[in-house]
Each structure stands twice: as structure tokens, then as C-alpha cells.
């Protein structure tokens, strides 16, 4: 059932009841021990927030006792006491969804703190005002108060614990502004800065709030597991300090993530429990959000009637407490609900309502103002530093002031250019990495092609059939070792020449089975070459050897030879040559089918591309040359591949 028809009547009764109850309570006898405590505080007039908070910490949520303390402080013109009481009364009203009343108390507290020239109480008032305006999505005003708090705190040369705590609070509020502007990465940076400072001063409530806010950023970015991790950390910190409201907020966010993870039943159960607790705490601002999440969960569960009631209740409370973002969310969910029910007329009506409110929140003037404020803060901070340095030289200060706009425009232009260049560079990097990965995958498929595997296993099978057990075991061991080395090498960008030569030797042993071991394959390495320290791209030589076997030697009658030589050209290049005595490329092209030729061309092209990327990483070059060999009668007598690789 919707709460709206009854809510206004109930609200009026509650107002009368609260009014009567407050007056009646105030008329009651205040405990004598509290009266004595208040008299002692007013008599000693402590000016430090810590001292006051220590004496009144156990009553700062009791409006009756706080109002009494406020009354006595006013009577004795005790400014710090008045500001303290007003701020904590404001907190109580905010947490019970009496936002405007809370804001009025914080404003009065700020005014009195200024009269008392008490920096900590000013900071606290400014931060509470920023937080309160954030509750009603008044971004501009919230940002103004947060920046005023940050500026005031940073002016303190030797900040005490309370000043540091309020600075972290201001940073958190500014992070929330970036969160509202959907600049999530910047918001995370601000929250992390605040979080580190909270860790340094041991501020548990700050740790709870910042973890929750970071969780919200990751949720908006779609990184739900990370969001859940930070929400649960926030819940742990709130539990440590017995912050019941903080725990309820965390539960609402956790359930929200569960909905997105399709853990709908789990989310619904958690939301129902949290809603009861929020209603018990009279926190209708939070209840509005819980209603909306509960409605969304029930849409997923196809409980459409209950979903509609909960969404309407959430929207109603959001209107009561001037929370336009919650209204947008509620109307969007209703639009989705009616779309599912195929009532497209109502779906469109609710969509338009959501769109209208969203445009009001995010209108161009509002965003421009916020951006101007952010720009102004950074500019003023830089100007203060410039002016401090320029006091010793008036002429330089005036010159800098004259050219300030030009410098700022230039800096912004350079920053924008740097950002554009960085984005382009990252795009180029990603494309290169993708291309390289594709090449590596294609090369692996080339090394492990089904024909090679099938033919190799078939050859080993013949040994088994012919009862040549030793040969079968010998070549099976070599085959398994080759497959393992190919798979291992395929995960590496580069390997040692020693490993590559070992892999090639295994490959040639396997391929030679099919030629009845007729191929005479030799590897010769120059004495001064240290193959362990020479790096080359993994599996780079196999395509050339494969070409030599299947395009040069497979059709040759008689002696078949392949020789691989490694030697040093100079201090900058190593040379690898692969020489065969096959029929030559011309004769091979005549007798080979197009498909095979195409396969060869692709293999060589992939190899050249990999060599290019390998050389580019070391700001060097490579060269691959294929030379046709002829005898004294100009008859083709083989092919020679010359690979020049940079010395790494």
C-alpha cells in the first residue's frame, strides 16, 4: 500500500505531537547532574572544540539537553558553547530529514563562531553546511562552503587534530562535487587524498565516509566487485564507531550493487530490514532511496504492484525532502515498469518527468557555475603563492598580474594539447599492442597447425605399428618436448637464441621423420657468439625452415641439406642465415598450389611484422633477405635466407 494518502495527515499530527513533546520536555526538570556540568562548562568557558566535545559527547544527540546547554550559553554570552550546540542540533535535524531547520542552525553556528574567532568551529560549521546542501543536491552552494572550509583550514600554519579532520572533511565534500559532475576518477583521487589523511589522524568516521564514496564512484564506473569491497569496508568502520545511520546507508548501497549483480532476492531481504531501521530512526531522506531500490528489485522479481507502490513512496519522500536526483531515479524506474507492462503512454509520461527534473539539475548555467568555482579556487590558490613571492619585488608582481590572463590561457591550452596528445598516444599504444597480440596468436596457430600435428603423430604411429618401439618413444619424447617449448615460447615476447635453436632442432627432428631422416640439418654458431645472451622474438625461425622443407626440399630428388649459421656482423647486428639445396623458388611456384603459396606468403609477412615490432622496441632496424642460389650453369640449386637482427 502507498503511504501517500495517509502521509500528510500523519505528518500534521507528528508536527503537533513533536511541538507539544518538545515544549513539554523542555518544561521538565533537567537532571541536576547535567545542570551542574553545564554550569561548570560555562564557568570555565573552554574554547577548544576537543574539550567541549569530550564533556558533551554523550549528549550531543539529545535535543532537549543540547537546547538547555544552548539556552544557558546564550544567557552567559558563551559563544563557543552556542556554536557547538547549534551545530549538533543541526546534525540531529539533518539526520531526521529536517534539512532546512538543520541548515538554519549551522548558519547561526557559523556566524557565532566568526564572532568568537574560533577556526575549528568555523570549519565544522562550513563543512556541515556543505554536507546539508549536498543532501538536497544544491551543488553550487555545497561547493562554496566546502572550498571556504578548505581555504580556511589551509591557512593554519600548525594545524591541530580538529583542523586536519575538517580539512579531510572538506576534501571529501569536494570529491562529492566531482562525483555529482560524473568526473569519477578525479573524485576517487580526492576521496583517496582525504582517506590517507584520515588514516594518518585515525579518524574512523572519515574512513567510513570516504570508503563509501569511493564505492559509489566504482559503482558508477560499473566496477561492481570493487564497489562492494569499499561499501563493506565502510560498513566495518561504521560498526567500529557504532554509527547506525552509516551502517544503514552502507546496507542500502550494498543492496543496490546486489540488484545490479542480479542477486535480487538477497537485495530485497536486506532492503526490507534496512527500511524498517531507517523508518525507526525517522530518516526519511534515506528511506526514499531504500524505497526506490526496493522497487527496482521487485521489478526484477516481477512483483509489479509492490514495485509501483514502493517507487511512488520513494518519489513522495524525495519530493518532501527536496531530493531531485532521487525523483529522477524514481520516475525512470516507473517508466521502465510501465514499459514492461506495455503501458507505453504512462511509460512516456514518467520518462518525460524524469528528463525534465534531470535537465533542471544539470542545466548549463549550473554546471558552468560549478566549473567556474573550481577554476576560481585553483586560480586563487596559485595567485596567493605568486603574490607571496612577489612582495619583495613590486614591479615583477605588477607585470605578472598584467599578463595573468595570457599565462592562464596558455597553460590551459598546453594542458589541453598535452591531454589530446596523451589520448592519441594511448590509442596508438593500444592499437599496437592489439596488433602484436594478433600476430603472436597467428604465429602460434602457424607453429601448431593441425597438419603438422597430425602428420607428426601419424609418423610416430607408423613406428609403433612397425614395432620400432625405441624410435617411437624417442620421437614421441621429442614431439612432446617441442609442443611444450612452443607453448612456453608463445607466452614470451622474446627468448634467448639458445632456446630458439633448441626448439628449431626439435622441430627439424620431427619433420625429418617424414623424409626418412634424409635431410641433413646442421647448426653452426660462431665461437664468439653467446647464444644465451642474444635475444630474439620467440619462434621466429620456424617459418623459414618450414618453407625450406616444403617448398625447397620436398620435391627434390637426391641429397637434401639445410644449414643454419649464426655469426656477428658488427657491434650492432647479428646475422642468422638459413641455406637449403632445394629446387629454388621459381620451380617451387610452378608446382605448388595457390593455397600453399598463400599460406607461405602470410607466414613470411607475419614474421617480418614481428621482427619490425621487435626492432622498433629497441629503436633499431632489421632486415630479411631471401636469395636464390644458382650453380655454375645458372641452374637453381637452393635458397638462402639472411636475417639481420639488432644486438640487444
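With respect to residue 201, determine if the residue is more than 14 Å from the chain's Cα centre (by Cα) and in the same structural domain as residue 142 (by TED's automatic domain parsing).
no
Among the listed residues 570, 580, which satisfies the condition of being touching a helix residue (DSSP H, G or I) at 6+ places or on another chain (Cβ under 7 Å) and either surrounded by fewer than 14 Cβ atoms within 10 Å (Cβ to Cβ) or at pLDDT 80 or above (or both)?
Details: 570 fails: touching a helix residue (DSSP H, G or I) at 6+ places or on another chain (Cβ under 7 Å).
Result of the check over 570, 580: 580.
Only one residue in 207, 179 is in the same structural domain as residue 142 (by TED's automatic domain parsing) and under 21 Å from the mean Cα position of the chain (by Cα), so which one is that?
179
Look through the stretch 260-286, keep the residues that are in a helix (DSSP H, G or I) and touching a residue at least 40 places away in the same chain (Cβ under 8 Å), and return whichever of them is surrounded by the fewest Cβ atoms within 10 Å (Cβ to Cβ). Before you say what the answer is, go through the steps one by one.
Kept after step one, since they are in a helix (DSSP H, G or I), are these residues of the stretch 260-286: 260, 264-280, 284-286.
Pick out the ones that are also touching a residue at least 40 places away in the same chain (Cβ under 8 Å) and you get 260, 284-286.
Working: 260: 15, 284: 21, 285: 22, 286: 24.
Going through the qualifying residues, I end up with 260.
Can you name the strands (runs of 3 or more DSSP E) wholly within the stretch 494-556 that have at least 3 residues being out of contact with any helix residue (DSSP H, G or I) (no Cβ under 7 Å at 6 or more places or on another chain) and in the same structural domain as residue 456 (by TED's automatic domain parsing)? Give the steps one after another, and end with the answer.
Details: elements: 494-496, 519-525, 535-537.
Correct list: 519-525.
Please tell me if residue 194 is in a helix (DSSP H, G or I), buried (at least 23 other Cβ atoms within 10 Å of the Cβ) and either touching a helix residue (DSSP H, G or I) at 6+ places or on another chain (Cβ under 8 Å) or modelled with pLDDT of 90 or more (or both).
Here the answer is yes, as residue 194 does meet what is asked.
Might you let me know whether the stretch 294-307 holds any residue that is touching a helix residue (DSSP H, G or I) at 6+ places or on another chain (Cβ under 8 Å), closer than 15 Å to residue 248 by Cβ and either modelled with pLDDT of 90 or more or in a helix (DSSP H, G or I) (or both)?
Residues of the stretch 294-307 touching a helix residue (DSSP H, G or I) at 6+ places or on another chain (Cβ under 8 Å): 294-301, 304, 306-307.
Keeping just the survivors that are closer than 15 Å to residue 248 by Cβ gives 294.
Imposing the further condition that a residue be either modelled with pLDDT of 90 or more or in a helix (DSSP H, G or I) (or both) reduces the set to 294.
Taking every residue of the stretch 294-307 in turn, at least one turns out to be touching a helix residue (DSSP H, G or I) at 6+ places or on another chain (Cβ under 8 Å), closer than 15 Å to residue 248 by Cβ and either modelled with pLDDT of 90 or more or in a helix (DSSP H, G or I) (or both).
Among the residues of the stretch 112-144, write down those that are closer than 23 Å to residue 73 by Cα and either without any contact (Cβ under 8 Å) to a residue 40 or more places away in the chain or not assigned by TED's automatic domain parsing to the domain that holds residue 95 (or both).
112, 113, 114, 115, 117, 122, 129
Going by the structure shown, is residue 356 at pLDDT 80 or above, in contact with a helix residue (DSSP H, G or I) (Cβ under 8 Å, 6 or more places away or on another chain) and on the phi < 0 side of the Ramachandran plot?
Values: at pLDDT 80 or above: yes; in contact with a helix residue (DSSP H, G or I) (Cβ under 8 Å, 6 or more places away or on another chain): no; on the phi < 0 side of the Ramachandran plot: yes.
Here the answer is no, as residue 356 does not meet what is asked.
For residue 228, indicate whether it is over 28 Å from residue 154 (Cα atoms) and under 25 Å from the mean Cα position of the chain (by Cα). Even if it seems obvious, please write down each step before you answer.
Working: over 28 Å from residue 154 (Cα atoms): yes; under 25 Å from the mean Cα position of the chain (by Cα): yes.
Considered against the rule, which asks whether it is over 28 Å from residue 154 (Cα atoms) and under 25 Å from the mean Cα position of the chain (by Cα), residue 228 comes out as yes.
Take the residues in the stretch 24-49 that are modelled with pLDDT under 85 and part of a helix (DSSP H, G or I); name whichever of them is surrounded by the fewest Cβ atoms within 10 Å (Cβ to Cβ). Please lay out each step first, then the result.
Step one: of the stretch 24-49, the residues modelled with pLDDT under 85 are 24-30.
Add one more test, that the residue is part of a helix (DSSP H, G or I), and what stays is 24-27.
Details: 24: 9, 25: 15, 26: 13, 27: 7.
Step by step, filter the stretch 24-49, then rank; the result is 27.
The values are calculated or read from the model by the stated rules, or taken from the named source; none is laboratory data. The model shown is predicted, which means the values in this text are computed figures rather than measured ones. Note that we place each Cβ from the backbone using ideal geometry, even for glycine, and neighbour counts take in every protein chain shown.
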